[in-house]
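The values are calculated or read from the model by the stated rules, or taken from the named source; none is laboratory data. All values reported here derive from a predicted model rather than from experimental measurement. We place every Cβ from the backbone using ideal geometry, glycine too, and count neighbours over all the protein chains shown. For the accessible areas, the whole protein counts, side chains as well, though only heavy atoms, and no ligand, DNA or RNA atoms are used. Shrake-Rupley method; radii C 1.70, N 1.55, O 1.52, S 1.80 Å.
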Amino acid sequence: MKLAVSSRQRWPSVSPRILELMRTGAELALQLATSPEVLDELEGGNFKTVGAETQYVDPLLSARQRRAIRAGTIHWLNAIIERPDQPVSAFLVEEAVLGLSEIFSTQAAQVLLSNARSVQDIAWQYWMKIVFQLTQDPLELQQLLEISSVSINTFIDDSLQLGIQRMKQDAEARKSGQLEEQRELISQIVAGEAMDLAAAERLLNYPFAQTHHSAIIWSEEIDTEISDLEHLATAFQKACQQKTSLKIIVSPSLIWVWAAAEFPVNEKVLEMALKKKENIRISYGEGGNGVDGFRRSHLDAQAAQRVLGRLKSNVQLVSYDRVRLMAFLSKDAKSIQHYSGHVLGELAQAPAAVRQSLHAFLECGCNATEAAKRLHTHRNTLLRRLAKAEDMLPRPLAENRIQVAVALEALYWIL
């Protein structure tokens, strides 16, 4: 069945004042978004087209839908806070969409559409209450409601299209056992086995003749939601400035992702996405063309992941380029600590700000001005910390710069 879900409208042009009001409204709404009472109301309209009792017959399905509502609402609000003048990117919680496919094999798309419209109607009522608290000016209210309506409708429509597309893909995958085939194929590629590359591209729906970046997204906590991992997978795709990517769900706590890009991964995008996901970690490898680049970028991401594991580091985001030296050194973590203590002396136990100041100074080619900018601190403050660090070193820095830099790099990942 073909569903008409798109009602894309021309994007309104509004003043900075209206955009600021919209951002303020989103900030206020975030305080409600995780409220159990609000979630109960948003969830209450679900499954009306197939009988309200369905929601309670399958508690797992209900829980998935609840997580999807919460995650989608927060996604829209955060996007509005960041860029209220831009359409919000489509959002999909895959486990919720696929859960509908499992329960309502023939009605899944219709149920998805009905549930989304129900949530949209209730959310709009909350949003209007907030909007009318922000301004009493009739013209401002008109413009604010107009851009809000277009933004919400566009977001819901685009997300519905993405969900329906994912349902279709899953239906096809179920018929052919494609998901298992994809996992097996990826394992063969990473292992370097010979294969029919054209057939592999068709199965993965992903071309090899491009430059690949690969990420491993995982959590070591058993209660992590797969939707959180998927959100980070989408963030990696965004960090590569791509509209598509190859995502392989290896387990409920592990996702592999590939995206094509001729330029470096934008780490700021990933750092923002990780801010409220303290239990999730990302390692990634950059560059490499063709199937060899596809394989190498993933192996580099694995190597970076192993560095964090060996060092028991609490760093959330790491690229292989950043830990290339540590990948070589970290085979014996105890030896690293012994080496760092020997080279740094008292500095090894100094406050982190002192070590970080010297680390940045060395990374910036001993340029104090550049190091101060990187650390977002005053140059005089940096110079005082450098002098303190110099006093703690067992040997003068000028005679031992390379070894001090290596020791500080090692401690960055360990401490």
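In this structure, does residue 208 turn out to be in a helix (DSSP H, G or I), under 17 Å from residue 297 (Cβ atoms), modelled with pLDDT of 90 or more and among the aromatic types (Phe, Trp, Tyr)?
In short, no.
Okay, residues lined up against (1) under 26 Å from residue 341 (Cβ atoms); (2) open to solvent by 80 Å² or more (accessible area, probe 1.4 Å); (3) over 34 Å from the mean Cα position of the chain (by Cα):
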{"residue": "369", "(1), (2), (3)": "no, no, no"}
{"residue": "372", "(1), (2), (3)": "no, no, no"}
{"residue": "376", "(1), (2), (3)": "no, yes, no"}
{"residue": "382", "(1), (2), (3)": "yes, no, no"}
{"residue": "388", "(1), (2), (3)": "yes, yes, yes"}
{"residue": "391", "(1), (2), (3)": "yes, yes, yes"}
{"residue": "396", "(1), (2), (3)": "yes, no, yes"}
{"residue": "400", "(1), (2), (3)": "yes, no, yes"}
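Listed residues 219, 319; which is of a type outside the set (A, V, I, L, M), within 14 Å of the chain's Cα centre (by Cα) and crowded, with 19+ Cβ neighbours inside 10 Å?
219
Residue by residue, here is whether (1) farther than 16 Å from residue 120 by Cα; (2) at pLDDT below 90; (3) open to solvent by less than 70 Å² (accessible area, probe 1.4 Å); (4) not in a helix (DSSP H, G or I) holds:
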{"residue": "38", "(1), (2), (3), (4)": "no, yes, yes, no"}
{"residue": "43", "(1), (2), (3), (4)": "no, yes, yes, no"}
{"residue": "55", "(1), (2), (3), (4)": "yes, yes, yes, no"}
{"residue": "64", "(1), (2), (3), (4)": "yes, yes, yes, no"}
{"residue": "68", "(1), (2), (3), (4)": "no, yes, yes, no"}
{"residue": "72", "(1), (2), (3), (4)": "no, no, yes, no"}
{"residue": "79", "(1), (2), (3), (4)": "yes, no, yes, no"}
{"residue": "86", "(1), (2), (3), (4)": "yes, no, no, yes"}
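Given the criteria open to solvent by 30 Å² or more (accessible area, probe 1.4 Å) and modelled with pLDDT under 85, does residue 102 qualify?
yes
Examine segment 108-129 for a residue that is farther than 21 Å from residue 15 by Cα, modelled with pLDDT under 85 and not in a helix (DSSP H, G or I), and state whether such a residue exists.
no
Just checking, how many residues over segment 239-262 are farther than 18 Å from residue 90 by Cβ and open to solvent by 80 Å² or more (accessible area, probe 1.4 Å)?
So the count comes out to 2.
Select, from 229, 160, 185, the only residue that is surrounded by 14 or more Cβ atoms within 10 Å (Cβ to Cβ), of a type in the set (A, V, I, L, M, F, W, C), out of contact with any helix residue (DSSP H, G or I) (no Cβ under 8 Å at 6 or more places or on another chain) and part of a helix (DSSP H, G or I).
That would be 229, the only listed residue that is surrounded by 14 or more Cβ atoms within 10 Å (Cβ to Cβ), of a type in the set (A, V, I, L, M, F, W, C), out of contact with any helix residue (DSSP H, G or I) (no Cβ under 8 Å at 6 or more places or on another chain) and part of a helix (DSSP H, G or I).
Just for segment 297-338: of the residues that are over 16 Å from residue 192 (Cβ atoms) and of a type in the set (Asp, Glu), which one is modelled with the lowest pLDDT?
332
Taking segment 153-173 on its own, how many of its residues are more than 15 Å from residue 91 (Cβ to Cβ) and among the basic types (Lys, Arg)?
The number of residues fulfilling the criteria is 1.
Specify which of the listed residues (194, 198, 171) is out of contact with any helix residue (DSSP H, G or I) (no Cβ under 6 Å at 6 or more places or on another chain), over 26 Å from residue 252 (Cβ atoms) and either at pLDDT 90 or above or part of a helix (DSSP H, G or I) (or both).
Answer to the check: 198.
Of the residues 294, 263, which is in a helix (DSSP H, G or I), of a type in the set (Phe, Trp, Tyr) and either at pLDDT 85 or above or closer than 20 Å to residue 359 by Cβ (or both)?
So the residue among 294, 263 that is in a helix (DSSP H, G or I), of a type in the set (Phe, Trp, Tyr) and either at pLDDT 85 or above or closer than 20 Å to residue 359 by Cβ (or both) is 294.
With the checklist (1) more than 24 Å from residue 187 (Cα to Cα); (2) part of a loop (DSSP other than H, G, I, E, B) in hand, flag the one item residue 244 doesn't pass.
All conditions pass for residue 244, except number (1).
Take the residues in segment 88-99 that are in a helix (DSSP H, G or I) and touching an Asp or Glu at 6+ places or on another chain (Cβ under 7 Å); name whichever of them is farthest from residue 268 (Cα to Cα).
Once the filter is applied, the top-ranked residue is 98.
Please go through segment 263-281 and give me each residue that is of a type outside the set (Asp, Glu) and open to solvent by 40 Å² or more (accessible area, probe 1.4 Å), ordered by number.
Answer for segment 263-281, where residues must be of a type outside the set (Asp, Glu) and open to solvent by 40 Å² or more (accessible area, probe 1.4 Å): 263, 264, 266, 268, 272, 275, 276, 277, 279.
I'm trying to understand the selection: among the residues of segment 120-151, which are under 17 Å from residue 72 (Cα atoms), of a type outside the set (Gly, Ala, Ser) and either open to solvent by less than 20 Å² (accessible area, probe 1.4 Å) or touching an Asp or Glu at 6+ places or on another chain (Cβ under 8 Å) (or both)?
122, 127, 150, listed by residue number.
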